[in-house]
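First the structure, in the form of structure tokens, and then the observations on it.
The values are calculated or read from the model by the stated rules, or taken from the named source; none is laboratory data. Note that the coordinates shown come from a computational prediction; the quantities given were computed from them, not determined experimentally. So basically every Cβ, Gly included, is an ideal-geometry build from the backbone, and we count neighbours across all protein chains shown. Note: accessible area is taken over every heavy atom of the protein model, side chains too, but ligands, DNA and RNA are not part of it. Shrake-Rupley method; radii C 1.70, N 1.55, O 1.52, S 1.80 Å.
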Amino acid sequence: MTECTIALLEQLVAFDTTSRNSNLDLVGFVRDILDRQGVASTLVEDETGTKANLLATVGPAEAPGLVLSGHTDVVPVDDQAWSSDPFRARIADGRLYARGACDMKGFIAAVLAAVPAMRRAQLRRPLHIVLSYDEEIGCKGVPRLLARLDDLLPARPLGCLVGEPTGMRLVDGHKGKVACRCTMHGRAGHSALTHEAVNAVAYAGELVAFVRRLGVELAREGRRADGFVPPYSTASLGCIAGGGQINIVPDRCAFELEFRTIPGEDPRRLVDRVRRHAEEVLLPEMRTVAPEAAILFEEFLHYPGMAPPTGPFAELMRELTGDTTPGKVSYGTEGGLFAAAGVPTLICGPGHMSVAHKPDEYVELTQLAACDTLLAKLIGWAATPSI
């Protein structure tokens, strides 16, 4: 099966599905593969009709089964120094190099390569193939599919396997995240008359310092969760922009902040703390000079954390993988969304996140073979009458 997986991966990475682009050509390619094997698929499109999630079921849909989930989008290659064309697979030294090779078209290729075996196995429980869009820019695609899950599937899935690159080790938990853009509106003025102006850059600096102090508080006093690196919730600050020239007091400054929280903590509660400080401490001071001053928050990314599942699905995956001590990761996945929708979820896929998003991204061929083996075991389980 691995040769088929490699051949499919070579075709999948040729589609430039950078998140800014449509994924419909790749989705159409997948639908054709499934159609030729008698597997129907359903699309759940975005509001523009230029992107789509795909759901396909092999086996009896009326029985509870498992979801095999992967995202079709990839991160940009702009300004990265690749040794070869990032959208043309290159095989060397036991590795396949291309954008998306491990994150995460390798898993998708393995799932598609397994479809003929699924068809031959006369499954007693279904295997649902889910492909999503826009995971890389905040898990924006799969919520549309999850909102329709009960309409699309007659029986609630027993579990979901998200094939993000984990080196084929089980991962049963990840942090949640929220990211916001904060815009400070002050009053412009001549820098010789600062008492008549409100410096948006200066007040943004005070709020930035508050976020940093909050991060220090989380590291020193926050709740711990074993297995995560670091084992506590974190705060981070990204880009900041404001001001023009030195003799003009700037009336606008914007910056971005994020919180990543261990499972069980809501990252939006930390944003609320920042907002309260802005509105109760900084804004009244700004408005003593400029009543029109404002501090605005815009959330542009949010996904929940994923806590370790319990029950038959978790037991099954431990048995099939032999991995009795699943790990934790600090990055996020669509797994948190499946779990929040009531579907027990684990993460396991070929490749290593340490090479994802970098130039010369690759997946080892041995990792693809290991994924093929795991999928064969899942097919064997689905062909038996009980979990």
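Here are some notes:
- Residue in the stretch 246-262 that is touching a residue at least 24 places away in the same chain (Cβ under 8 Å), on the phi > 0 side of the Ramachandran plot and open to solvent by 30 Å² or more (accessible area, probe 1.4 Å) present: no
- The set of residues in the stretch 297-320 being closer than 10 Å to Leu346 by Cβ and either open to solvent by 40 Å² or more (accessible area, probe 1.4 Å) or touching a Phe, Trp or Tyr at 6+ places or on another chain (Cβ under 6 Å) (or both) consists of Pro308, Arg318.
- All positions within the stretch 123-133 that are under 13 Å from Asp46 (Cβ atoms) and open to solvent by 20 Å² or more (accessible area, probe 1.4 Å): none
- In the stretch 204-246, the residues that are aliphatic (A, V, I, L, M) and under 23 Å from the mean Cα position of the chain (by Cα): Ala225, Val229, Ala235, Leu237
- Of the listed requirements (1) open to solvent by 50 Å² or more (accessible area, probe 1.4 Å); (2) touching a strand residue (DSSP E or B) at 6+ places or on another chain (Cβ under 8 Å); (3) not polar (S, T, N, Q), Val39 misses just one: (1).
- Sole exception among (1) free of Cβ contacts under 8 Å to residues at least 12 places away in the same chain; (2) not in a loop (DSSP other than H, G, I, E, B) for Leu43, by number: (1)
- Any strands (runs of 3 or more DSSP E) falling wholly within the stretch 305-387 and containing at least 3 residues that are closer than 19 Å to Gly70 by Cβ: 345-347, 362-364
- Residue match in the stretch 272-292 (condition: surrounded by fewer than 16 Cβ atoms within 10 Å (Cβ to Cβ), part of a strand (DSSP E or B) and modelled with pLDDT of 95 or more): no
- Of the residues screened, Leu66 is not one that is closer than 10 Å to Val130 by Cα, modelled with pLDDT of 95 or more and touching a His at 6+ places or on another chain (Cβ under 8 Å).
- Within the stretch 59-83, considering residues that are farther than 25 Å from Pro344 by Cα and in contact (Cβ under 8 Å) with a residue 12 or more places away in the chain, the one least open to solvent (accessible area, probe 1.4 Å): Val74
- Summed over the stretch 157-182, the residues that are under 13 Å from the mean Cα position of the chain (by Cα) and either of a type in the set (Phe, Trp, Tyr) or open to solvent by 10 Å² or more (accessible area, probe 1.4 Å) (or both) give a count of 1.
- For the stretch 183-196, a residue qualifies if it is among the hydrophobic types (A, V, I, L, M, F, W, C) and buried (at least 20 other Cβ atoms within 10 Å of the Cβ), and exactly one does: Met184.
- Any hit, the stretch 132-146, residues being more than 21 Å from the chain's Cα centre (by Cα) and among the β-branched types (Val, Ile, Thr): no
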